[in-house]
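The values are calculated or read from the model by the stated rules, or taken from the named source; none is laboratory data. Computed from a predicted model, the values in this text were never measured in an experiment. For neighbour counting, all protein chains shown are included, and Cβ atoms are generated from backbone atoms with ideal geometry for every residue, glycine included.
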Amino acid sequence: MKKFAFIMILLSFFISGCAIFVVEEDTEEYIALSNQYDNYILSDISQLKNFQAFINSVTLNSSLASVMIEVKVYSQLGLLLETRYGSGVIFHEDSANYHIMTTYDLTSTQSRQTISIEVSDYLGRTYRAFVRREYSELGLTGIRFAKNSQRVLGVLSIAEHPPFVGQPVMLIGYQRRIINALTMGMVYETIFDEDDKLIIMKTNVLSDNFGNGGVMIDMNHKIIGIQYQVTNGFTYAYGLDTIKEFYSMYFTT
């Protein structure tokens, strides 16, 4: 019952919040698209039956791709220097491995330091993982771990189109030290670079820094952001174009 009440509060927040985000555009194409989006929000997601179905699908399907990551950092003498915790999302699988996207800060090291990585799935089962690709310029790292034939996990795909300001998003991660915690909010601001690529999303999703690396998904259960920072009440995520660039580099370098 408490979970149901919480969902209703979130739903009310989303509906009331939609009026806050206004972009002044007067083209016919934008107006048509905006009307379609408003109708989608008001007639689809806001219907309790559909909203409950979305939450159930996240719980039973999308969250199976979320993992908690523990990284131990050692000195060159083998002394444990620190233990880091974060989140990640399985974004690809091959015949032998699952591949996880997370933040670069979680796995970065200084000279002569080494790390060990342990991944926990949605049931708390652990796996030894290894860094496959690191991209400091993107702020993202890809790690892999071997499949277990008795344990089938989820894989999320990347969205094709960037989110709107005001669009609802779901964050799945390790926030508040809870494996697969689910938090919803809205896209508060989208930040583009000089090439008009969406590089950062600012959201009002509640989280903490244990959730860094957590995945933000849209209502179609597609990846639209990866959390990397929480500050001043806002949660920031690497934007869709940053994620797409990471994906392209991950498989071509």
Evaluate region 123-138: report whether one residue or more is in contact with a His (Cβ under 6 Å, 6 or more places away or on another chain), at pLDDT 95 or above, within 25 Å of ALA96 (Cβ to Cβ) and among the basic types (Lys, Arg).
no
Quick one: in region 110-125, which of the residues that are in a strand (DSSP E or B) and of a type in the set (A, V, I, L, M) is nearest to LEU153 (Cα to Cα)?
VAL119
When you go through GLN47, GLN76, GLN52 one by one, which is the residue that is under 30 Å from ILE115 (Cβ atoms) and at pLDDT below 95?
GLN76
Lone qualifier among LEU182, LEU156, LEU206 - being surrounded by fewer than 24 Cβ atoms within 10 Å (Cβ to Cβ), within 20 Å of GLU245 (Cβ to Cβ) and within 15 Å of the chain's Cα centre (by Cα)
LEU156
Can you give me the ranges of the strands (runs of 3 or more DSSP E) entirely in region 141-242 with at least 3 residues that are more than 15 Å from MET101 (Cα to Cα)?
168-173, 181-192, 198-203, 223-231, 234-238
